[in-house]
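Heads up, the thing below is written out as structure tokens.
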Amino acid sequence: MKFFINLGANTLNRLEMFGRATFMLFGAIIAKPQPLKMIPLTIKQIHIVGVQSLLIIVISGLFIGMVMALQGYTILVDYGAEGSLGPMVALSLLRELGPVVTALLFAGRAGSALTAEIGLMKATEQLSSLEMMAVDPLRRVIAPRLWAGIISMPMLALIFSAVGILGGHLVGVDWLGVDSGSYWSIMQSTVDWNKDVVNGIIKTIVFAFVITWIATFKGYDSIPTSEGISKATTETVVFSSLAVLGLDFILTALMFGIE
Amino acid sequence: MENLIEINNLTFSRSGRIIYDDISLQIKKGKTTAIMGPSGIGKTTMLRLMGGQLVPDKGDIKFKGESVPGMRRNRLYEVRRQMSMLFQSGALFTDMTVFDNIAFPLREHTKLPESIIHTLVLLKLQAVGLRGAADLMPAELSGGMARRVALARAIALDPELIMYDEPFGGQDPISMGVLVKLIKALNDALQLTSVVVTHDVTEVLTIADYIYILAEQRVIGSGTPEQIKNSDSPLVQQFLQGQADGPVPFHYPASSTAQAFLGNES
């Protein structure tokens, strides 16, 4: 019996939370936009969540590309197919690893920071004081961060893939001796703009939206104590990672599953 | 005398606990009204209700005759420009300098050129004696200075009503004296209406025109500082004199000691 009571209460709580999150989203994005004030704030946030995440994205992309080339080469060389190393690296990165790994890194690097920052602003009454100054914190604090995430993450994912392809070139061509011409030319003829590149970008836009939504909401909805903020930050990383992995399967099925 | 804020038969509860039970009070225009009471009875909640951040279960709150809980969102934001609130922590924006903190409401709500904002901000800072601290970050300020900066920000838009949430809490005697003097001087000079929520008895008796004492979900005493001092209510006297035991008991409600120590508490 107790199990069912808990189940019901949990479901109601989850639904209520989802409702609050949707209200926040509407308040932040749908409400009357003020571009003159929004644009400079958004640019500042793009610097914080986007530009400052560049280093971790570039380094991870480089290593993932290098590992892919190494692993791919040892398998492909048995069949004499090491010429296909280029498309293998490029397709894996553009379709899957670029969007997903960037999203996971982004959730850990920028998402957690967003939650902690907004949670602390709540704890130190800064959000309340904005409200009392007749400035809507949803528009002033939440909206620029949401937009910044949605704008910067697709760019980060593309940079990740590009650096990964170069890393693959470094290991495959420069160290293991795959022919540079075939690395590039087979890649060029295999990778399709719409099917591979655009679909990858669509994925990252969806991931970016979900991660920044979760991160900003968790901060905005956090209990304003040190425990509350630490819990909210953890939940941001856990929920957004799970959401990214789950959504990735659904999106992949929709994009590549049905021919 | 006209009332700026009128609270009628207000009932408010949070997470199942009743905070206020059918209380009424009036804030007179141009006067300093103090709301006092022991910690934890929801004095800050009262300010949030007045500012429309919380909605009462029953009863009404009127600002200039207009019901605050009944306002639409846009109207509420318009009305809030006439109010301002000094938060307990100061609530300064930690990513901006002192100057930008005070310029913030001016930049948000007015279209004044930057040169006039510069002058206005320095005037406000001069009023609280911190013109020299304009370029510091909030983290570099002491608690008392942060509260003075917050005060300068609160008066930036020349509001009609200022709500002070525990302005003296955790201050050393000197900063306390400075704040008392500032609040008094600002009220006289700007002819503000002030609501001070606090439990610092001596300070409040010197600056308030009218005092409400809240306890046990209701108003237990009200009047001018003179009337309050001479009140014959034992609860009011316990609060004013800071007696450890009395109508507000020293012990948190518990089973009898005999039961507790003999181990059959349940």
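The values are calculated or read from the model by the stated rules, or taken from the named source; none is laboratory data. All values derive from a computational prediction rather than experimental measurement. Ideal geometry is used to build each Cβ from the backbone, glycine not excepted, and the neighbour counts take in all protein chains shown.
Report yes if some residue within the stretch B:134-150 is surrounded by 16 or more Cβ atoms within 10 Å (Cβ to Cβ), touching a Leu at 6+ places or on another chain (Cβ under 6 Å), under 14 Å from A:S129 (Cβ atoms) and in contact (Cβ under 8 Å) with a residue 60 or more places away in the chain; otherwise report no.
yes
Quick one: in the stretch A:129-142, of everything that is facing another protein chain (nearest Cβ under 7 Å) and part of a helix (DSSP H, G or I), which residue is nearest to A:I29 (Cα to Cα)?
Out of the qualifying residues, it is A:E131.
Taking the criterion of being within 14 Å of chain B (Cβ to nearest Cβ) and buried (at least 24 other Cβ atoms within 10 Å of the Cβ), would at least one residue in the stretch A:145-154 satisfy it?
yes
Is there a residue being loosely packed, with under 14 Cβ neighbours inside 10 Å, within 13 Å of A:T216 (Cβ to Cβ), charged (D, E, K, R) and modelled with pLDDT under 95 anywhere in the stretch A:20-34?
yes
Does B:E108 fit the bill of being within 25 Å of B:A146 (Cβ to Cβ) and within 13 Å of another protein chain (Cβ to nearest Cβ)?
Yes, satisfied.
Please work out which one of (1) away from chain B (no Cβ under 14 Å); (2) in contact with a Ser or Thr (Cβ under 9 Å, 6 or more places away or on another chain); (3) in contact (Cβ under 8 Å) with a residue 12 or more places away in the chain is the condition A:M121 fails and give its number.
(1)
Can you give me the number of residues within the stretch B:248-266 that are in contact (Cβ under 8 Å) with a residue 60 or more places away in the chain and more than 23 Å from B:F12 (Cβ to Cβ)?
Selection size over the stretch B:248-266: 0.
Test A:L170 against the stated conditions and say whether it is in contact (Cβ under 8 Å) with a residue 60 or more places away in the chain, surrounded by fewer than 24 Cβ atoms within 10 Å (Cβ to Cβ) and more than 14 Å from chain B (Cβ to nearest Cβ). Spell out how you get there, then give the answer.
Numbers: in contact (Cβ under 8 Å) with a residue 60 or more places away in the chain: yes; surrounded by fewer than 24 Cβ atoms within 10 Å (Cβ to Cβ): yes; more than 14 Å from chain B (Cβ to nearest Cβ): yes.
Yes: the conditions hold for A:L170.
Looking at the stretch B:74-94, can you tell me whether even one residue there is more than 10 Å from every other protein chain (Cβ to nearest Cβ) and buried (at least 16 other Cβ atoms within 10 Å of the Cβ)?
no
Which one of these is within 14 Å of another protein chain (Cβ to nearest Cβ), closer than 25 Å to B:S15 by Cα and surrounded by fewer than 15 Cβ atoms within 10 Å (Cβ to Cβ): B:V55, B:V68? Break it down into steps so the answer makes sense when it comes.
Numbers: B:V68 fails: surrounded by fewer than 15 Cβ atoms within 10 Å (Cβ to Cβ).
Just a single option satisfies the conditions, and that option is B:V55.
Among the candidates B:I102, B:I116, single out the residue that is over 17 Å from A:L130 (Cα atoms), aliphatic (A, V, I, L, M) and modelled with pLDDT of 90 or more.
After ruling out the rest, the residue left standing is B:I116.
Would you check which residues across the stretch B:5-34 are in a loop (DSSP other than H, G, I, E, B) and either exposed (fewer than 15 other Cβ atoms within 10 Å of the Cβ) or among the small types (G, A, S) (or both) and list them? Steps first, answer last, please.
To start, the set of residues in the stretch B:5-34 that are in a loop (DSSP other than H, G, I, E, B) comprises B:15-16, B:29-31.
Across the stretch B:5-34, the qualifying residues are B:S15, B:G16, B:G30.
Out of the residues in the stretch B:93-113 that are part of a helix (DSSP H, G or I) and in contact with a Pro (Cβ under 9 Å, 6 or more places away or on another chain), which is farthest from A:L120 (Cα to Cα)?
B:V98
Here is a list: A:V51, A:V58. Which entry is under 17 Å from A:V89 (Cα atoms), β-branched (V, I, T) and in contact with a helix residue (DSSP H, G or I) (Cβ under 9 Å, 6 or more places away or on another chain)?
That would be A:V58, the only listed residue that is under 17 Å from A:V89 (Cα atoms), β-branched (V, I, T) and in contact with a helix residue (DSSP H, G or I) (Cβ under 9 Å, 6 or more places away or on another chain).
State the number of residues belonging to the stretch B:35-63 that are part of a helix (DSSP H, G or I) and free of Cβ contacts under 8 Å to residues at least 12 places away in the same chain.
So the answer is 1.
Mind checking which residues of the stretch B:232-247 are buried (at least 19 other Cβ atoms within 10 Å of the Cβ) and free of Cβ contacts under 8 Å to residues at least 24 places away in the same chain?
The answer is B:V236, and nothing else.
Only one of (1) among the small types (G, A, S); (2) under 23 Å from B:Q82 (Cα atoms); (3) surrounded by fewer than 17 Cβ atoms within 10 Å (Cβ to Cβ) is not met by B:G170, so which one is it?
Every listed condition holds for B:G170 apart from (2).
Read through the list (1) modelled with pLDDT of 85 or more; (2) touching a helix residue (DSSP H, G or I) at 6+ places or on another chain (Cβ under 9 Å); (3) farther than 30 Å from B:P247 by Cα, then give the number of the only condition that B:G144 fails.
Evaluating B:G144 over (1) modelled with pLDDT of 85 or more; (2) touching a helix residue (DSSP H, G or I) at 6+ places or on another chain (Cβ under 9 Å); (3) farther than 30 Å from B:P247 by Cα leaves (1) as the failure.
Does A:V101 count as within 14 Å of another protein chain (Cβ to nearest Cβ) and either buried (at least 24 other Cβ atoms within 10 Å of the Cβ) or among the hydrophobic types (A, V, I, L, M, F, W, C) (or both)?
Values: within 14 Å of another protein chain (Cβ to nearest Cβ): no; either buried (at least 24 other Cβ atoms within 10 Å of the Cβ) or among the hydrophobic types (A, V, I, L, M, F, W, C) (or both): yes.
No, not satisfied.
Return the residues of the stretch B:111-123 that are more than 14 Å from chain A (Cβ to nearest Cβ) and either touching a Gly at 6+ places or on another chain (Cβ under 9 Å) or not hydrophobic (A, V, I, L, M, F, W, C) (or both); say none if nothing qualifies.
Across the stretch B:111-123, the qualifying residues are B:P113, B:E114, B:S115, B:H118, B:T119.
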